[in-house]
Amino acid sequence: MADDVNSTIRNPTPPRLVVGISGASGVVYGARVLDALRELGVESHLVVTKAALLTLSQETDLSPDDLMSKADVTYKLADVGAAIASGSFRTLGMIVAPCSVRTMSEIATGVTSTLLTRAADVVLKERRPLVLMVRETPLHLGHLRTMTSLAEMGATIAPPLPAFYARPASIAEMVDQSVGRALDLFGLDWSAVRRWEGLNAGMTQV
């Protein structure tokens, strides 16, 4: 028994986060999540949909290999026997960045057909944080009801919306702000986030 305890102390579980990238516009969010996790010393476990790779080719100059190289561990979409498909594999949770409506809807039903949605289902059943950076607008009633269902199951819906109080000077800064705020939900403090510190002293208060 003592040996087991000592083994646990010697080999603590490293901080790990599962990262899913689906086919919605905004694949740069997922890429920057991976960059942030590397800076923060958090082990990233990446699974990407085929549609996401198509989006990657349209929205960035990154190749699939470039994207995969940003992660510590990568998985094939069909590998439902992967480590992240089991609740016994300990993680901080999972972020899907960006999250398409199709992916969101599949997670909500619990009828998962890929490793990405299976991993998300595992995170929900283990009561770990699941953050979905949903990219779609406008939203019809079905979308909103699906989001409500996911929120009731414990997921966090976190659309990547710009924070203009941060005075972003570029698209890259807007992306990083959204990514950093999403990582806040896992207790991860990324230096790229510009945090609100109250009204400027020269501003008139009502």
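The values are calculated or read from the model by the stated rules, or taken from the named source; none is laboratory data. The model shown is predicted, which means the values in this text are computed figures rather than measured ones. Positions of Cβ are generated from backbone atoms using ideal geometry, with glycine treated the same way; all protein chains shown enter the neighbour counts. These accessible areas exclude ligands, DNA and RNA; they are computed on the full protein's heavy atoms, side chains included. Shrake-Rupley method; radii C 1.70, N 1.55, O 1.52, S 1.80 Å.
Restricting to segment 161-175, name every residue that is closer than 30 Å to residue 14 by Cα and either in contact with a helix residue (DSSP H, G or I) (Cβ under 6 Å, 6 or more places away or on another chain) or open to solvent by 90 Å² or more (accessible area, probe 1.4 Å) (or both).
Of all residues in segment 161-175, those closer than 30 Å to residue 14 by Cα come to 172-175.
175, the sole residue that qualifies.
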Which of the residues that make up segment 186-201 are farther than 11 Å from residue 166 by Cα and exposed (fewer than 15 other Cβ atoms within 10 Å of the Cβ)? 187, 189, 191, 198, 199, 200, 201
Name the single residue, out of those in segment 129-150 being under 21 Å from residue 86 (Cβ atoms) and in contact with a Phe, Trp or Tyr (Cβ under 9 Å, 6 or more places away or on another chain), that is surrounded by the most Cβ atoms within 10 Å (Cβ to Cβ). 131
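Being open to solvent by 60 Å² or more (accessible area, probe 1.4 Å) and in contact (Cβ under 8 Å) with a residue 24 or more places away in the chain narrows it down to one residue among 118, 181; which is it? Working first, answer last.
Working: 181 fails: in contact (Cβ under 8 Å) with a residue 24 or more places away in the chain.
Among 118, 181, only 118 is open to solvent by 60 Å² or more (accessible area, probe 1.4 Å) and in contact (Cβ under 8 Å) with a residue 24 or more places away in the chain.
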In segment 145-199, the residues that are in a loop (DSSP other than H, G, I, E, B) and among the β-branched types (Val, Ile, Thr): 193
Taking segment 93-110 as the region of interest, how many residues are closer than 22 Å to residue 179 by Cβ and outside any helix (DSSP H, G or I)? 8
Is at least one residue of segment 31-52 touching a helix residue (DSSP H, G or I) at 6+ places or on another chain (Cβ under 8 Å), surrounded by 14 or more Cβ atoms within 10 Å (Cβ to Cβ) and part of a loop (DSSP other than H, G, I, E, B)? yes
